[in-house]
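First up is the structure itself, then whatever we jot down about it.
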Amino acid sequence: MVRKARGGKGKKVAKKGILIEAEMPHQATMPKGSADEYVIKEGELEAKVSIEKVEGMGRVYRLEVPQWEKGTSAFMEDLKAELLRKVPITTQEALNIKMAQQLREKFLEYGRDIIRENMPHLNSRQIDLIARGIVHEMLGLGDIEFLLKDDWIEEICINGAQIPVWVYHRKHGWIPTDITISTENQVWNYASSIARGVGRQINTQSPLLDAYLPTGDRVNATLFPISYFGNTITIRKFARKPWTITDYIKLKTINSEVAALLWLAVQYETNIIVSGGTGSGKTSLLNVMAMFIPQNQRVVSIEQTREITLPEHLQWVPLVVREPTSEKTGEVGMLDLMVNSLRMRPDRIIVGEIRRADEAQVLFEAMHTGHSVNATLHAETVSETVRRLVNPPLDIAPVMMESLHLIISAYRDRRSNIRRVYEVGEIVPSDREGVKANIIYRWRPFRDELDASEPSVRLLESIKNYANMDDDDIKRNLKEKQEILDWMVQKDISSVEEVGKIISRYYDNPAAVLEMVRQ
Ligand SMILES: Nc1ncnc2c1ncn2[C@@H]1O[C@H](COP(=O)(O)OP(=O)(O)OP(=O)(O)O)[C@@H](O)[C@H]1O
Ligand SMILES: [Mg+2]
């Protein structure tokens with residue numbers, strides 16, 4: 001688990017050093033402050049980010065990390081060696097990714113003690129600063145740790161040693177940073193330590209790795225010469241604060257009218273697929289919608305890597321696939337988990353992403369046999385989703401397709417990086433093709449609005465049957481939900497817990513919530 005100390009080489013990339021005694025010059029809380037200049041904090045450790053225009057290069061992401069005085073640097077090298085000798089590490093801690101935080105805390109504690117003994121003139125803030133700097137280097141990914149903490153960043157890419165690390169910035173898109181990793185060996189070390197964290201290896205025999213960090217961030221790594229320019233690490237950051245419907249309405253990803261329809265659809269256990277291109281926000285939207293699930297229901301989620309987060313009022317069993325070991329044993333795949341989940345008496349099954357024909361078959365069997373299923377699928381539009389489903393290799397029969405009520409497609413504009421619900425469609429029978437899509441809402445790019453398109457013919461009909469409601473009931477119900485959503489936006493109620501609370505209170509006592517909203 002413990003990586004060899006890297007001799008502090010990564011530090012040389014910072015342009016202007018900040019002595020630990022010096023105060024950080026600029027304060028900004030993220031992500032509210034300016035998107036061009038802000039401070040990233042980890043405990044007492046701070047780094048300053050500035051996005052600067054550089055002649056001929058466009059924008060560059062500069063990271064100013066704390067610089068240690070010469071004496072401190074030398075002391076830190078000794079301290080690393082001492083920590084490796086002194087800190088007792090249990091096998092559990094070394095092998096179980098869940099223990100990573102505990103291990104860090106342990107190193108921090110020992111580190112602070114040793115620093116206090118050796119440098120009694122430092123105050124506790126300075127001691128913490130040095131201790132965290134060391135833990136960053138020993139157990140973490142060095143300066144990359146700051147990027148992991150930067151909420152403006154969505155993706156982090158190490159493309160090889162000695163070349164800039166690139167990031168995908170929510171405001172500026174792809175930009176190079178002034179961080180470089182000094183050697184290919186160091187990149188490999190990082191990849192290996194990530195692999196060990198999830199009980200795997202990356203080496204010349206198996207040079208590709210899919211894994212995740214203790215923080216939940218997804219990681220892919222490849223080794224030279226498979227990646228010809230050098231060893232790579234790609235990190236897709238996990239949203240630190242999970243998105244909620246309030247965020248989505250605020251960002252205009254969806255409007256409250258369509259959100260109310262999705263709420264109704266989730267409440268009455270319809271089967272839903274969220275589709276979209278890579279990084280369009282499928283998984284996030286699936287998660288946002290899952291918060292509408294009535295309390296006390298039993299939810300089993302099945303994912304490649306753990307991304308979904310549900311509020312506490314649900315009975316939730318998250319299942320995650322296990323990759324095979326390097327000896328090709330021990331694999332537990334999506335299909336295994338889907339088959340298994342059916343034996344767990346779930347009210348709902350949430351499936352991260354369907355990719356293969358056998359997975360799609362099991363998913364539709366589940367829907368067909370009366371389970372409520374929500375999943376994501378890679379396809380750009382609602383019609384393309386239908387086409388992908390009914391044609392080889394997925395080959396879902398039309399009669400099975402009819403168990404699927406709703407398809408929602410997510411869209412990301414690469415240029416402006418905005419994300420929108422692009423279409424909401426339902427599956428209707430068609431003489432010629434077996435089934436086809438009826439688009440209920442469609443996003444209009446020029447006005448940036450989600451417009452009603454065709455009236456729903458099947459979704460509302462099946463909800464009416466299921467819930468024993470008539471047209472007026474449905475209309476009233478949708479209006480109520482829309483009112484509550486608008487109110488949450490207005491009151492800025494946007495955390496998973498708060499939104500979850502309002503929704504579950506509404507299920508308990510709708511009249512009380514409506515009264516509160518209308519006051
Ligand atoms: N409405 C939104 N506005 C802005 N950013 C968003 C929105 N929804 C999701 N994101 C961000 O977009 C990124 C990609 O989201 P997500 O992982 O949900 O997409 P995906 O389509 O499931 O990706 P993949 O194709 O890799 O499975 C994440 O960083 C997420 O936080
Ligand atoms: Mg996804």
_Extreme residue, positive dipole direction of the range 245-518, given options Ser456, Val496, Leu319 (C-beta unit charges)_ = Val496
_Net dipole in debye of the chain [+1 Lys, Arg Cβ; -1 Asp, Glu Cβ; about Cα centre; nearest 20]_ = 1080
*May I ask you to derive the relative contact order of the range 245-518, considering only C-alpha pairs under 8 Å and at least 6 residues apart, and to give it as an integer percent?*
23
*Where both partners of a DSSP beta bridge lie in the chain, what percent of those bridges are antiparallel, to the nearest 5?*
65
*Would you work out which of Leu122, Leu286, Thr91 lies farthest towards the positive end of the dipole of the chain? Charges go on Cβ: Lys and Arg +1, Asp and Glu -1.*
Leu122
*asked:* For the range 499-519 and the range 239-275, what is the centre-to-centre distance using only Cα atoms, to the nearest Å?
replied: 17
*Under a point-charge model restricted to the Cβ atoms of Lys and Arg (+1) and Asp and Glu (-1), what is the dipole moment magnitude of the range 9-236 relative to its Cα centre, in debye to the nearest 20?*
300
*Rounded tilt (10° steps) of 124-139 against the dominant C-alpha axis of the chain*: 70
*asked:* Taking a cut-off of 43 Å, what percent of all Cα-Cα pairs in the chain are separated by more than that?
replied: 25
*May I ask you to order 259-268, 195-204 by the average number of other C-beta atoms within 10 Å around their residues, highest value first?*
259-268, 195-204
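Provide the per residue accessible area, probe 1.4 Å, for the range 9-236, rounded to a whole number of square angstrom.
48
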*So, with a 1.4 angstrom probe, what is the percent of accessible area on the range 245-518 that is carbon and sulfur?*
47
*Near the amide H of Lys436, under 5 Å away, which other amide H atoms are found, from residues 5 or more places off or on another chain, if H is placed in the peptide plane?*
Val428, Ser430
*Under the classification rounded if a/c is under 1.5, otherwise prolate if a/b is larger than b/c and oblate if not, where does the range 9-236 fall, given a ≥ b ≥ c as square roots of the Cα gyration tensor eigenvalues?*
oblate
*Would you please put 294-302, 136-144 in order of how densely packed they are, using the mean number of other Cβ atoms within 10 angstrom per residue and starting with the highest?*
136-144, 294-302
*asked:* Under the rule a/c < 1.5 gives rounded, and otherwise a/b versus b/c splits prolate from oblate, where does the range 245-518 land using the Cα gyration tensor?
replied: rounded
*asked:* Between helix 184-197 and the chain, what is the angle of the helix's C-alpha long axis to the longest principal axis, kept within 0 to 90° and rounded to the nearest 10?
replied: 50
*Determine, from the Cβ-Cβ distance of Asp451 and Leu478 and an R0 of 25 Å, the FRET efficiency 1/(1 + (r/R0)^6), rounded to the nearest 0.05.*
0.95
_Dipole of the chain, positive end: most advanced residue of Ala81, Ala467, Pro207 [Cβ charges, Cα centre]_ = Ala81
_Under Karplus coefficients 6.51, -1.76 and 1.60, residue-wise ³J(HN,Hα) of the range 485-500 in Hz, glycine/proline x_ = 5, 4, 5, 4, 5, 4, 8, 6, 8, 9, 7, 4, 5, 5, 4, x
*In the range 9-236, carbon and sulfur make up what percent of the accessible area (probe 1.4 Å)?*
52
*Net charge near Thr244, counting Lys/Arg +1 and Asp/Glu -1 over other residues with Cβ under 10 Å of its Cβ?*
-1
*About its Cα centre, what dipole magnitude does the range 245-518 give when the only charges are +1 on Lys and Arg Cβ and -1 on Asp and Glu Cβ, stated in debye to the nearest 20?*
480
*Show me 431-438, 381-388 ranked by packing, highest mean number of other Cβ atoms within 10 Å first.*
381-388, 431-438
_Rounded to 10°, Cα long-axis angle of helix 70-86 versus longest principal axis of the chain_ = 70
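The values are calculated or read from the model by the stated rules, or taken from the named source; none is laboratory data. It should be emphasised that the depicted structure is a prediction, and the values quoted were computed from it without experimental measurement. So basically every Cβ, Gly included, is an ideal-geometry build from the backbone, and we count neighbours across all protein chains shown. Surface areas here come from the heavy atoms of the whole protein model, side chains and all, with no ligands, DNA or RNA. Shrake-Rupley method; radii C 1.70, N 1.55, O 1.52, S 1.80 Å.
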